[in-house]
Amino acid sequence: MAVVRTSRVDLHVNGNGAYAFVTQPDDDAKHPGVVLIQEWWGIEPHIMELAHKLAVEGFVVAVPDLYHGKIATEPNNAMRMIMMIGGNIDRAAKEIIGALETIKAMPNVEPKKLGLIGFCVGGLMTYTVAARYSDLAAVVPFYAGGYDPKPEDVAKVTAPILAIYGRDDESIPLSQVEKIEKMYKDAGKDITVKIYDGGHAFVNPEHGMGHEKSASEAWPLAVNFLKEKLS
């Protein structure tokens with residue numbers, strides 16, 4: 001097992017209080033950079049575990065805390081907290097872009113085009129930021145609920161996308177997934193859509209509509225996609 005080190009960095013956006021956790025290989029080599037965006041629960045152990053897994057795979061990973069230290073433990077609380085993001089998409093996007101800019105500036109991050117991966121509301125924000133930030137080489141939204149793009153949004157996306165969904169996700173109809181895929185392909189964008197057995201958040205063993213086989217296939221696919229595009 002590789003050794004990783006973690007730290008907390010201020011993002012210097014939206015006034016005071018924005019920060020991210022950084023997890024990276026404990027060496028002096030150069031590594032590709034990735035920003036990982038939380039689910040609606042906040043920065044719970046599952047999200048940090050995924051960040052550590054990416055660091056073990058050789059990435060410098062920043063996880064912006066969009067809830068600024070708060071974690072939801074039940075759906076009602078998560079719903080109230082996610083409304084803070086839904087009511088101010090621009091604020092959340094600025095913090096994510098702040099995290100991208102922070103790791104891009106790190107001397108041990110190379111190439112300077114980065115990866116972006118997010119889950120649940122983080123998947124929504126992954127799509128959203130992909131249309132606002134040009135220095136991306138790979139975009140991986142997992143079960144991005146609430147994403148209903150306009151053609152002008154799709155037109156702004158330049159990075160290749162691997163979009164992952166659960167077949168039994170009641171919050172994201174497959175008709176919406178097909179609509180998104182068609183919009184991107186009609187616009188000539190590089191998108192690959194993968195639909196796995198399982199419900200929403202099937203990669204999260206604590207809170208998701210889990211499907212162990214699907215999780216064991218989807219996560220390595222995402223990691224390999226990031227490696228390929230950021231190599």
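The values are calculated or read from the model by the stated rules, or taken from the named source; none is laboratory data. Nothing here was measured: the structure is a model prediction, and the numbers come from that model. Backbone-built Cβ (ideal geometry, glycine too); neighbour counts: all protein chains shown. Only protein heavy atoms, including side chains, enter the accessible area calculation; ligands, DNA and RNA are left aside. Shrake-Rupley method; radii C 1.70, N 1.55, O 1.52, S 1.80 Å.
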query = Given the stretch 114-199, what helices (runs of 4 or more DSSP H) lie entirely inside it while holding 2 or more residues that are under 12 Å from ILE37 (Cβ atoms), out of contact with any Cys (no Cβ under 8 Å at 6 or more places or on another chain) and of a type in the set (A, V, I, L, M)?
reply = 121-130
request  = Within the stretch 153-180, track down each residue that is of a type in the set (Asp, Glu) and within 24 Å of GLY115 (Cβ to Cβ).
outcome  = ASP153, ASP169
task = Would you tally the residues in the stretch 22-54 being within 25 Å of ALA144 (Cα to Cα), of a type outside the set (Asp, Glu), open to solvent by 60 Å² or more (accessible area, probe 1.4 Å) and at pLDDT 95 or above?
result = 2
Complete set of residues in the stretch 109-126 that are surrounded by fewer than 24 Cβ atoms within 10 Å (Cβ to Cβ) and in contact with a strand residue (DSSP E or B) (Cβ under 6 Å, 6 or more places away or on another chain) = VAL109, LYS113
message = Cβ contacts < 8 Å: first residue closer than 16 Å to GLY98 by Cα, restricted to the stretch 19-32; second residue assigned to a loop (DSSP other than H, G, I, E, B), any location; separation 6+ or different chain. Result?
response = TYR19/LEU11; TYR19/ASP65; TYR19/HIS68; ALA20/LEU11; ALA20/ASP65; PHE21/ILE43; PHE21/ASP65
query = Of all residues in the stretch 56-81, how many are of a type in the set (S, T, N, Q) and open to solvent by 90 Å² or more (accessible area, probe 1.4 Å)?
reply = 2
message = Can you report the number of residues in the stretch 1-29 which are among the charged types (D, E, K, R) and within 13 Å of VAL61 (Cα to Cα)?
response = 3
request  = May I ask you to verify whether LYS30 is under 20 Å from MET106 (Cα atoms) and of a type in the set (D, E, K, R)?
outcome  = yes
